[in-house]
Every structure is written in structure tokens, then in C-alpha cells.
1. May I ask you to give the percent of accessible area on segment 56-120 that is carbon plus sulfur, with a probe radius of 1.4 Å?
2. Quick one: which residues, 5+ away or cross-chain, put their amide H under 5 Å from the amide H of residue 68? H built at 1.01 Å from N.
3. Search the structure for amide H atoms under 5 Å from the amide H of residue 51, placed 1.01 Å from N in the peptide plane, and list their residues when 5 or more places away or on another chain.
4. List every residue whose amide H lies under 5 Å from the amide H of residue 110, counting only residues 5 or more places away in sequence or on a different chain, with H placed 1.01 Å from N in the peptide plane.
5. Can you list the HN-Hα couplings for segment 37-49, worked out from phi with the Karplus curve (6.51, -1.76, 1.60; θ = phi - 60°), rounded to whole Hz and with x for Gly and Pro?
6. So if R0 is 25 Å, what FRET efficiency would residue 46 and residue 119 give, r being the distance between their Cβ atoms, rounded to the nearest 0.05?
7. Given charges of +1 on the Cβ of Lys and Arg and -1 on the Cβ of Asp and Glu, with all other atoms neutral, how large is the dipole of segment 30-134 about its Cα centre, in debye to the nearest 20?
8. Per residue, how much accessible surface does segment 82-123 expose to a 1.4 Å probe? Answer in Å², no decimals.
Amino acid sequence: MSMLPEDPTSVRSTGHQADFSELALDLHEADGSGETIDRIADYSCSALGADGAGVLLIHARGRLEVISSTSTEVTKAHLAQVELGEGPCLDASLDPTTIYRVNDATTDTQWPRWSEQLVGLGFRSVLALPLATRAPPSVELDVVRQQADEPRERLRRRARSLVALGRSRV
């Protein structure tokens with residue numbers, strides 16, 4: 001697991017800026033917060049090269065709710081965090097300045113029970129991005145991939161930009 005300090009910066013590539021500009025316009029046109037959250041989850045898959053994404057809302061007194069998901073498996077991964085009381089979204093809710101990353105869940109020791117569940121659902125890597133920092137509630141985005149992943153600077157820049165854009169709309 002690695003943690004990326006939150007330092008929202010703009011993506012420097014013109015193509016990436018265009019992608020985020022289109023997302024910003026798309027989010028502006030969304031009808032309400034539910035549709036906005038769904039669009040962020042959907043977009044994060046293409047922007048971060050992910051196989052799935054989901055958003056977890058953490059209410060006062062610890063009540064957790066999956067409010068958006070791109071698949072049944074992603075929903076199950078979120079619910080496993082809730083049931084087991086461990087996982088990157090839960091930690092991200094406690095530290096909204098950090099993006100949590102698991103490069104390979106088969107070797108992860110930070111959240112061993114949850115990582116085992118994640119692998120059982122067909123995923124090996126994850127990014128947990130805090131979208132809303134007002135506590136409570138806390139809004140966390142998990143982006144998952146089926147393959148193990150290596151840290152890449154491009155992915156870090158995109159994740160930071162996605163966090164900044166998501167925070168402006170959530």
C-alpha cells in the first residue's frame with residue numbers, strides 16, 4: 001500500500017485537460033447530487049484506467065451507505081469494508097488529505113481480510129479517493145482494477161485532479 005499526499009494539481013497534458021474540462025461541463029449539467037456522483041464514478045473508470053468504481057457515503061455515527069457503483073462486484077467490495085470494519089475507504093474517511101493505494105491486494109497487509117475479499121471479487125488493485133472532506137458525512141471513491149498495478153506519475157496526477165474536481169461538485 002502506498003499513500004499519495006493530497007496536492008490537487010492540474011493535469012499538464014492538453015488531452016487530459018480536455019478530458020477534465022468535458023467532465024466539469026458534464027457534472028455541471030447533472031440533475032442533482034445523485035447523478036453527479038454516478039458521473040464521477042463512471043468517469044473515474046476511464047480517466048484512471050479502472051475496471052470499476054464506487055462511492056461510499058459515511059454518515060454521522062459511522063453509518064455507511066453505497067451511493068453509487070459501476071457493478072455488483074464493486075458494491076460487494078464496498079459492503080465488505082463495512083462488514084469487516086477495514087479498508088481504504090474507511091481509512092480515507094479518517095484522513096481526508098490522503099489518497100490510499102493498494103498495488104496488489106494479494107500481498108497487501110494493511111487490510112488483510114478486506115484484500116482477500118477484493119481478490120475473491122476479481123480485483124487486485126485499488127485507489128481510495130476522498131471526495132468530500134466535511135465530516136460528517138464523508139464521501140469516498142474507490143477505483144478498482146482487475147490487474148495488479150505499479151505506481152505511475154500520470155495516474156497520480158489524474159487521481160489528484162479527479163479529487164479536486166469531485167470536491168468542487170460534491
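1. C and S atoms contribute 48 percent here.
2. Residues meeting the amide H criterion: 55.
3. HN-HN under 5 Å from residue 51: 144, 145, 146.
4. none
5. Result, rounded to whole Hz: 4, 4, 5, 4, 4, 4, 5, 4, 4, 6, 5, 10, x.
6. On the way: r = 24 Å, r/R0 = 0.95.
After rounding, the FRET efficiency stands at 0.60.
7. Dipole magnitude for segment 30-134 comes out near 200 debye.
8. Accessible area per residue: 45 Å².
The values are calculated or read from the model by the stated rules, or taken from the named source; none is laboratory data. Computed from a predicted model, the values in this text were never measured in an experiment. Note that each Cβ is placed from the backbone with ideal geometry, even for glycine, and that neighbours are counted across all protein chains shown. The area values use the complete protein model at the heavy-atom level, side chains included, leaving out ligands, DNA and RNA. Shrake-Rupley method; radii C 1.70, N 1.55, O 1.52, S 1.80 Å.
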